[in-house]
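Q: Take a look at this one; I'll ask things after.
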Amino acid sequence: MRFRVSNNPWLLLVFVLVPISILALRPKPASPLSELPPVIIWAWERPEKLDFINTDQVGVAFLAKTVRLEGDHVVSKPRLQPLELAPGTKLMAVVRIESDHPTLSATQLRKTAVEVASVSELSSVSAVQIDFDATVSERNFYRKLLNELKPRSPSLSITALASWCAGDNWISDLPIDEAVPMLFRMGIDHKHFQSRPQFEPSICAKSAGVSTDEPLAPPNVDRLYIFSPKPWTPASLNSALETYKR
Amino acid sequence: MILTRRFIALFLIVILLNSTAALACGPFTLEGIFVHTVHPTYPLAQFAAGRIGVIQPSYARSYLYTAYRHLSGSNFTTSEQKALVDLWKQRLDFSSYENPAEWSSTWLEERKKVAGVPDRGEIEVYRAREKPNEYEFYVNCNKDSFEMARLVLTHHLKEQGAKSPVLRSWVEAQDQVFSNCGSGSSIPDPLPAIADMSARQDRVYQIATAYFYSANFDEAKKRFEEIVADSTSSWQLVASYLIARTLIRKASLGAPEQRQESLRAAENQLQKIIGDEKFVHLHASATRLRNLVRLRLYPQDRLHELARVLTNKKQNDNLKQDLWDYTTLLDQYLDVHQKKSEVIGKNDDLTDWIATFQSGIPASFDRSYERWQATRSDPWLIAALAQADARNAKASELISQALKVQPNSAAFASARFHAVRLLMESGKNDEARTVLDQVLKNHKAVFDESSLNLLASKRMLVATTLNEFLSYAPRVPAAISWNDDGREIPADDETVSAEMKEIKGEPRFDHDAGYALNQRIPLTILKTAAKSTTLPTPLRRDLAQAVWLRAAILGDTKTADEMVPALKSLMPELSAMLDAYLSDTTPQAKKSSAIYAWLKFPGLEPVVDIGIGRRTPLNQQDSYRDNWWCGAAFYPAEGEDESQVDSAPSFTGRSVEPLLFLSPGDKANAEREWNTLVAPGAAPNYISQQVIQWANRTPADPRVPEALHRAVTTTRYGCTDKDTGRWSKAAYDLLHRKYPNSTWARKTPYWFKD
């Protein structure tokens, strides 16, 4: 038996509109960020042996590349230090951007986007994080860069100066999956950020970055990023997890 | 071809260890560094030249080495001083980036001269390691690789001409060689037997290097060995050297279990080259490479060998590299592997001294004292002094010895500082003061800015009068630094705002002075201090506002009233508010007026700033929420993180004892006042509470609706705690209940939850 759909408007509804509605109501695929563990440790440019971590509990955001905007040049340096990982470690590739009198030209933007996007091709990387302390004059460039990258990256995270999330709120409409307010290395006058941050845009509310050498009350966030000024060891990781009740 | 060989030999430079420090980020906040703890005061050239000041155990080890040499009376030549500064600059200055994209540019330019060769773009120089190390890259083709190719090409162009098909074939093969720099494995084909012999030998060499760059080290070694066996090849000598390089690269990038074997083979190969006169033009490069191999093969032996070289009084033309290698190795032993016991007591005084001087364990004093007894040397005297405390039975002997050190000795600054410190710890404050006054009067030039601040701190603490205290409380920071990475690097003038440039050289309060003024000195004395012209005007202004507001909060109307004329002259912008305050007749009304003034001037606070402090104008809200005494939300102050302290602490201006000019009664009063001040917790809670009481007491006061509005604002833009939400709601509710139609109620649509 074959239905003659065109003769029956209700059937049209059933066969056309309902599937559309189901598609529309279907939950969006989860951002790869949500698949990352609740604790991410930063592995910066130094030898790191992280084969001891519990990969269900802890992920690794490793500095994959440093991109320097120098005049109109884009100077890129990949990670040159060893990184030893446990099998199954959830990974985020971090690109640090530094600037020295950049022209912020369209060419520079394009080259920077290529450099940043390339780290998402590294194996097992589920998200890309950009660490760029953009000055006010660099914000427009940064915004354009993120717009360029969003379609090319699995999931996009940025580190944020605490001030960007409290008061100087210019990031709320950036095309990113999260902004990680950095609650360390903020100078002696701004301990108030560390103690009780009140972060405005929701994009800042889900995660926070802390450091092992500046302990503070555990921030109430879904995902905590932890920095260590020294290479990670099982003891330093356990101590950090204890400090932050994770 | 001899010429080419020489060029090749000249430009084959090894890639040495490549390591950079960890960086982090945070908001851009300038900090005043009063006492350096990571490195000495800038300019570092003065340290290299011998003005070493008070040596901090927390200094990086290259500075401790330099200090050790000066303390031992073994100074550096001018070129050695330059080498030291170069090393520090390279380690501290991350901005001197090389652009690897430019390395190949001269090769690519020269290549364009060859007819029929298509253009090609930038050459990637970094190559990723194989799994499981795929996240680590290495510099596969360095600057010298391209420079050597360019030189060979120039030579061929001259001999064969731009249109030579042989030359074009050579360039195409070289393109294949360089295509391996970034990834892949592309090996040129050998030339047929009918080709010119020299061209065939060139090709054999290109094939060997292609294997080298494509990380096939066994095949590369085999090919280089074949070249060595060909006595007619112009590449024979260089291939010998490249066998060693191939073995080293295999050790670095190949299977870990073959690492030692490869390094030993490389060492033998290099030893052969160094011992053979026919390789004379390669001796310098081979020696550098052998040192690198020894560093990896026999780290402990090499460490002590380097220590001996570095302490030899003979001119060292390789000082920078030797010190780089030495400190890299020592960092590995002391920080990464924490194996101090493996490197001390090995007939290597330098390493023993650095490891002991930096150690925080009690046994280090015994070791230092024992070594001082054995050597009577200044490095060990300073180590023993730095690790002694006044309870130690040897303290008197050490103080007496320290006071004998002459001003022309490099040990003078450290010896005097520790003598003073130990005298003060022993309660001998008069003696300490005498030493300090003598040093500050006669020998100031011996001390760098950071060390001078340490002395000023001690002198402030043994002051017998308020005026003396005020003379030594203000200090000029040794550096203004972003310090976002803990490296205390002075901020570049270009990155500092004009306003910040103005504060350079301006005296401020360090922790000790700020803490004393805020928590140890009672209002009765503070008001005198605020009127004293001994303090520089900006600091007097800060103190005057603190005293007035503190007195008003504590209900000491007499002191607050007394402060008004001085405060009006120092801060004319407060005049209207202060006049209103003075016109009030009851203590309660005065307090309300003071709170109202505070609401309108978020920069007022009942404490003085420590360091650079708040720079936002008094009547404006700071965008970092440093408003209405932010610090109140954080008392008691957070302690230092001691979880990672495994080394001797640095000496800083943080102690606040004995403050001799204060009586026990003064100190008790100060403590009582301070406890009252901080009892309400976050300042917005206290302010809201006061405004609510004021509104209930005098609801018709026309300032009340505005004050309620501003009170709610403090709970949003000030620093808060767990109780703030409650106070925010209370002020909001009162405003909307009692003054629903006021402008201020309309301006207050929300209260702010915890």
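Q: Subtract the Cα-Cα distance of B:Ala668 and B:Tyr750 from 0.36 nm times their separation in residues, and report this length gain in nm to one decimal.
A: 25.3 nm
Q: Ballpark to the nearest 100 Å², how much total accessible area do B and A bury together, probe 1.4 Å?
A: Chains B and A together bury roughly 4800 Å² of accessible area.
Q: Using only the Cα atoms of the protein assembly as shown, what semi-axes does the equivalent ellipsoid have when each is the square root of 5 times a gyration tensor eigenvalue? Give whole Å, largest first. It would help to have the intermediate numbers written out before the result.
A: Values: eigenvalues 676, 371, 106 Å².
In descending order, the three semi-axes are 58, 43, 23 Å.
Q: How far is it, in nm, from the label point at A:Asp173 to the one at B:Lys738 when both lie 7 Å from their Cα along the line to the Cβ?
A: About 4.2 nm separates the two model spin labels.
Q: Cut-off 16 Å, label point 7 angstrom out along Cα-to-Cβ of A:Glu35: give me the residues of segment A:115-131 whose amide nitrogen falls inside.
A: Backbone N within reach: A:120-129.
Q: Turning to a different aspect of this structure: Could you work out the local net charge near B:Phe651, counting Lys and Arg as +1, Asp and Glu as -1, over the other residues with Cβ closer than 11 Å to its Cβ?
A: Combined, the nearby Lys, Arg, Asp and Glu give +3.
Q: Which of the residue pairs B:Lys250/B:Lys339; B:Lys221/B:Lys250; B:Lys568/B:Lys747 have a Cα-Cα distance greater than 21 Å in the structure shown?
A: Pairs exceeding the cut-off: B:Lys250/B:Lys339; B:Lys568/B:Lys747.
Q: Shifting gears a bit: Could you let me know the centre-to-centre spacing of segment B:410-431 and segment A:124-172, using Cα atoms, in angstrom?
A: 52
Q: Distance between the C-alpha centers of segment B:592-629 and segment B:196-242? Whole Å please.
A: Centre-to-centre distance over Cα atoms comes out at 74 Å.
Q: What does the charge add up to near B:Asp366, with Lys and Arg as +1, Asp and Glu as -1, over the other residues with Cβ less than 15 Å from its Cβ?
A: Once all neighbours under 15 Å are counted, the net charge is +1.
Q: Report the gain in length on full extension from B:Asn675 to B:Lys278: 0.36 nm times residue separation, minus Cα-Cα distance, nm rounded to one decimal.
A: 134.7 nm
Q: Moving to a separate point now. A:Val114 versus B:Glu225, label points 7 Å from Cα toward the beta carbon: distance in nm?
A: 4.2
Q: Please work out, to two decimal places, the log10 of the ratio I(q)/I(0) at q = 0.16 Å⁻¹ from a Debye calculation in which every Cα of segment A:31-243 carries one identical scatterer.
A: Log-scaled intensity ratios, in q order: -1.10.
Q: If one computes the Cα centroid of segment B:525-543 and of segment B:437-476, what distance in Å separates the two points?
A: Rounded to whole Å, the Cα centres lie 18 Å apart.
Q: Kindly work out what percent of the DSSP beta bridges joining two residues of the protein assembly as shown are antiparallel, to the nearest 5.
A: Roughly 30 percent of the DSSP beta bridges within the protein assembly as shown come out antiparallel.
Q: For the protein assembly as shown, what is the calculated [θ] at 222 nm in deg cm²/dmol (nearest 500), taking -39500 (n - 2.57) for each run of four or more DSSP H residues and dividing by its residue count?
A: When only DSSP H runs of four or more count, the value is -14500 deg cm²/dmol.
Q: How are the Cα pair distances of chain B distributed, in percent, across 20 Å bins from 0?
A: Whole-percent P(r) values from 0 Å outward: 14, 34, 27, 19, 6, 0.
Q: Between B:Thr464 and A:Asp51, take the C-beta separation as r, use R0 = 56 Å, and let me know the FRET efficiency to the nearest 0.05.
A: 0.35
Q: Please give the residues from segment A:95-123 for which the solvent-accessible area of heavy atoms, probe 1.4 Å, is smaller by at least 20 Å² with all protein chains in place than with the chain isolated.
A: A:Arg96, A:Glu98, A:His101, A:Leu122, A:Ser123
Q: Starting from the exponent 0.38 and prefactor 2.2 Å, build the expected Rg for segment B:207-281 from its residue count and divide its actual Cα Rg by it.
A: For segment B:207-281, the normalised Cα radius of gyration is 1.07.
Q: Solvent-accessible area per residue for chain B at a 1.4 Å probe radius, Å²?
A: Spelled out: the 1.4 Å probe surface of chain B, per residue, equals 42 Å².
Q: With Cβ to Cβ distances under 14 Å as the rule, what net charge do the other residues near B:His418 carry (K, R +1; D, E -1)?
A: Taking every Cβ under 14 Å from that of B:His418, the sum is +1.
Q: Considering only protein heavy atoms and a 1.4 Å probe, what is the carbon-and-sulfur percentage of the accessible area of the protein assembly as shown? Before the final figure, lay out each step's value.
A: Working: 22330 of 42580 Å².
Roughly 52 percent of what the probe reaches on the protein assembly as shown is carbon or sulfur.
Q: Continuing with this model, one more query. For segment A:31-243, give me the percentage of DSSP beta bridges that are antiparallel, rounded to the nearest 5 percent.
A: Of all bridge pairs located within segment A:31-243, approximately 10 percent are antiparallel.
Q: Just the number please: accessible area per residue for segment A:31-243, 1.4 Å probe, all protein chains included, in Å².
A: Values: 7390 Å² over 213 residues.
Accessible area per residue, segment A:31-243: 35 Å².
Q: Can I ask one more? In the calculated pair distance distribution of segment B:236-313, what percentage of Cα-Cα distances lie above 16 Å?
A: 51
Q: Quick one: what do you get for segment A:106-176 if you divide its Cα Rg by 2.2 N^0.38 Å?
A: Details: Rg = 12.3 Å, N = 71, 2.2 N^0.38 = 11.1 Å.
Relative to the rule-of-thumb radius for its length, segment A:106-176 sits at 1.11.
Q: Related question: Label points 7 Å out from Cα along the Cβ direction at B:Phe661 and B:Lys394: separation in nm?
A: 3.8
The values are calculated or read from the model by the stated rules, or taken from the named source; none is laboratory data. This structure is a prediction, so every number in the text was calculated from the model and none was measured. Positions of Cβ are generated from backbone atoms using ideal geometry, with glycine treated the same way; all protein chains shown enter the neighbour counts. The area values use the complete protein model at the heavy-atom level, side chains included, leaving out ligands, DNA and RNA. Shrake-Rupley method; radii C 1.70, N 1.55, O 1.52, S 1.80 Å.
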